[in-house]
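Chemist: First, the structure itself, so that you have it in front of you.
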Amino acid sequence: MFTIATYNIHKGHSLTRGCHMSALKEGLHELNADIICLQEVQDINTRRVTLRGDHGHSQLNALCGATYPHYAYGANAIYTHGHHGNAILSKFPIHSHQNIDVSDHRLEQRGLLHAVVEHPRHGDLHVVCAHFGLFKGSRIRQAQALIHLVKAEVPANAPLIIAGDFNDWNLHVHSLLSSQLHITDAMEHMQSNKAARTFPVSLPWFKLDRLYSRDLEIKTANVHGGSAWRARSDHLPISASLY
């Protein structure tokens, strides 16, 4: 059994405070996941002065630390002082990865980060970290790109995890992905078809974040809430134990 988590870290900013990497690292330690899919993580931000040690200006390096020796990163939003995007942190080796730009317009930079993780039990474990747009039309086109990616790159008998921030409060993307890719939402599976409410952290109501799997048994699934999480991001994380 292993644990997977997904978390939009909002570049380390909560709704009430600025970036505190120590609190964010403490949160990842609490999740204690073997694989974590992160959205809105900065690899480079030369304006940031909150990082210490040998990590330079990189949130990604700071969050990996010694706990996650393997990672994949895909820059989605690039600006003069750095860039941010999706990341997959793993305790298991990652032997390949690709980042696919699915930005629908210049105001929203979005991507699909696909990594192949070498799992000791399952062999090649395909993990896709996704971040979809705020508009319905964009999300539908990004879902179609995800469907194409999975059908083209993931063998039919390979275990698959798709996780991220889908901004899918009306469940249009959820229905499309579930029917086309035959994936199971971990939280729905454990909560009698009730999706996780993960946004905003102060009063979680919208079902934006999802953790899907295929050809893996779901043992547990949880949304992590509480006062400590409200100080780490504007989203709540989801984790699941899979077998």
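The values are calculated or read from the model by the stated rules, or taken from the named source; none is laboratory data. What you are looking at is a predicted structure, and each value in this text was computed from that prediction instead of being measured. In this analysis, Cβ positions are derived from the backbone assuming ideal geometry, glycine residues included, and neighbour counts consider all displayed protein chains.
Chemist: If you scan region 143-198, which residues turn out to be of a type outside the set (Gly, Ala, Ser) and under 18 Å from residue 88 (Cβ atoms)?
Modeler: 146, 149, 150, 153, 154, 159, 160, 161, 162, 165, 166, 183
Chemist: Enumerate the pairs (first residue in region 76-87 and farther than 21 Å from residue 132 by Cβ; second residue anywhere and surrounded by fewer than 17 Cβ atoms within 10 Å (Cβ to Cβ) and at pLDDT below 70) with beta-carbon separation below 9 Å, excluding pairs fewer than 6 apart on the same chain, so at least 6 apart or on different chains.
Modeler: 80/46; 81/46; 81/47; 82/46; 82/47
Chemist: While we're on this one: Go through (1) in a strand (DSSP E or B); (2) at pLDDT 90 or above; (3) surrounded by fewer than 17 Cβ atoms within 10 Å (Cβ to Cβ) for residue 67 and report which single condition fails.
Modeler: Answer for residue 67: the failing condition is (1).
Chemist: Right, something else. Quick check on this structure: which one of 203, 236 is free of Cβ contacts under 8 Å to residues at least 12 places away in the same chain and either in a strand (DSSP E or B) or farther than 20 Å from residue 100 by Cβ (or both)?
Modeler: Values: 236 fails: free of Cβ contacts under 8 Å to residues at least 12 places away in the same chain.
Only one candidate passes the filter, namely 203.
Chemist: Going by the structure shown, is residue 210 in contact with an Asp or Glu (Cβ under 7 Å, 6 or more places away or on another chain) and either part of a helix (DSSP H, G or I) or surrounded by 17 or more Cβ atoms within 10 Å (Cβ to Cβ) (or both)?
Modeler: Here the answer is yes, as residue 210 does meet what is asked.
Chemist: Find the residue count for region 1-31, including only residues that are modelled with pLDDT of 95 or more and polar (S, T, N, Q).
Modeler: Qualifying residue count, region 1-31: 3.
Chemist: From 41, 49, which residue is outside any helix (DSSP H, G or I) and either at pLDDT below 90 or exposed (fewer than 13 other Cβ atoms within 10 Å of the Cβ) (or both)?
Modeler: 49
Chemist: Taking region 213-230, which residues are at pLDDT below 95 and either buried (at least 16 other Cβ atoms within 10 Å of the Cβ) or hydroxyl-bearing (Ser, Thr, Tyr) (or both)?
Modeler: Within region 213-230, 227, 229, 230 qualify.
Chemist: If you check every pair at least six apart or on different chains, which have Cβ atoms under 7 Å apart with a residue in region 21-37 that is under 8 Å from residue 4 (Cβ atoms) first and a residue that is of a type in the set (A, V, I, L, M) and part of a helix (DSSP H, G or I) second?
Modeler: If the second residue must be of a type in the set (A, V, I, L, M) and part of a helix (DSSP H, G or I), the pairs left are 36/28.
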